[in-house]
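J.: The following block contains the structure, expressed as structure tokens.
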Amino acid sequence: MSHFSTVKTKLANRECLIFALTDLNLSPQVHEEAQPLKGYYGGSQGQSAEIIVSGLTIKARADIGFKWNQSSGVYEVIHDSYETVPRLGQDFFSNKLMLAYGKRLIRAKATELQEQFGECSIAEETNGSMQTLRLTFAGHQEVKQFVRR
């Protein structure tokens, strides 16, 4: 039977979440206030979210929502697994989305650290199922010479 389920996550950065969804070609709709989700049978089943991926984006009848949980400080995923799993895969939220989110979070942190450590380059390496992002900061040294007299 089709119904919405709510899943707790570690997704806390709104901007990185939106960019990660965009990177995965999911075209998120972003709202300041929670909007009703469209369920399999057309109604929202009382569910709403601030970030919504339309079911049409993945050729599904139910939306995917990301609702901010003020008390825990993270987004919760609201989705209908009957619709999402066949189209996105069993490990979409725990693997693909988290990987895209992690990359965006690292890039955001690198940009923040550039002011302190100088230009940053990011190299991506894949070894089997392990993926590594290597940050290299140019840094700079100030050399002062003193003359003794």
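J.: Among strands (runs of 3 or more DSSP E) lying entirely in the range 30-149, which contain 1 or more residues that are farther than 30 Å from H3 by Cα and touching a helix residue (DSSP H, G or I) at 6+ places or on another chain (Cβ under 7 Å)? Step through it out loud before you land on a result.
T.: Numbers: elements: 48-53, 64-69, 74-79, 120-127, 130-137.
Output list reads 120-127, 130-137.
J.: Can you tell which of A49, A110 is at pLDDT below 95 and either on the phi > 0 side of the Ramachandran plot or open to solvent by less than 60 Å² (accessible area, probe 1.4 Å) (or both)?
T.: A110
J.: Determine, yes or no, whether Q35 is open to solvent by 30 Å² or more (accessible area, probe 1.4 Å), within 20 Å of R14 (Cβ to Cβ) and out of contact with any Phe, Trp or Tyr (no Cβ under 6 Å at 6 or more places or on another chain).
T.: For Q35, the condition - open to solvent by 30 Å² or more (accessible area, probe 1.4 Å), within 20 Å of R14 (Cβ to Cβ) and out of contact with any Phe, Trp or Tyr (no Cβ under 6 Å at 6 or more places or on another chain) - is met.
J.: Let me ask another. From (1) in contact with a helix residue (DSSP H, G or I) (Cβ under 6 Å, 6 or more places away or on another chain); (2) in a helix (DSSP H, G or I); (3) in contact (Cβ under 8 Å) with a residue 40 or more places away in the chain, pick out the condition that doesn't hold for L11.
T.: So the condition that L11 fails would be (2).
J.: Filter the range 62-99 down to the residues that are open to solvent by less than 40 Å² (accessible area, probe 1.4 Å) and among the hydrophobic types (A, V, I, L, M, F, W, C) and list them by number.
T.: Correct list: A62, I64, F66, V74, V77, I78, L88, F92, L97.
J.: Mind checking which residues of the range 127-149 are at pLDDT 55 or above, among the polar types (S, T, N, Q) and open to solvent by 100 Å² or more (accessible area, probe 1.4 Å)?
T.: Within the range 127-149, N127, S129 qualify.
The values are calculated or read from the model by the stated rules, or taken from the named source; none is laboratory data. Only a predicted model underlies this, so the values are computations on that prediction, with no experimental measurement involved. Virtual Cβ from ideal backbone geometry, glycine too; neighbours counted across all protein chains shown. Side chains are part of the model used for accessible areas, which takes the heavy atoms of the whole protein and leaves out ligands, DNA and RNA. Shrake-Rupley method; radii C 1.70, N 1.55, O 1.52, S 1.80 Å.
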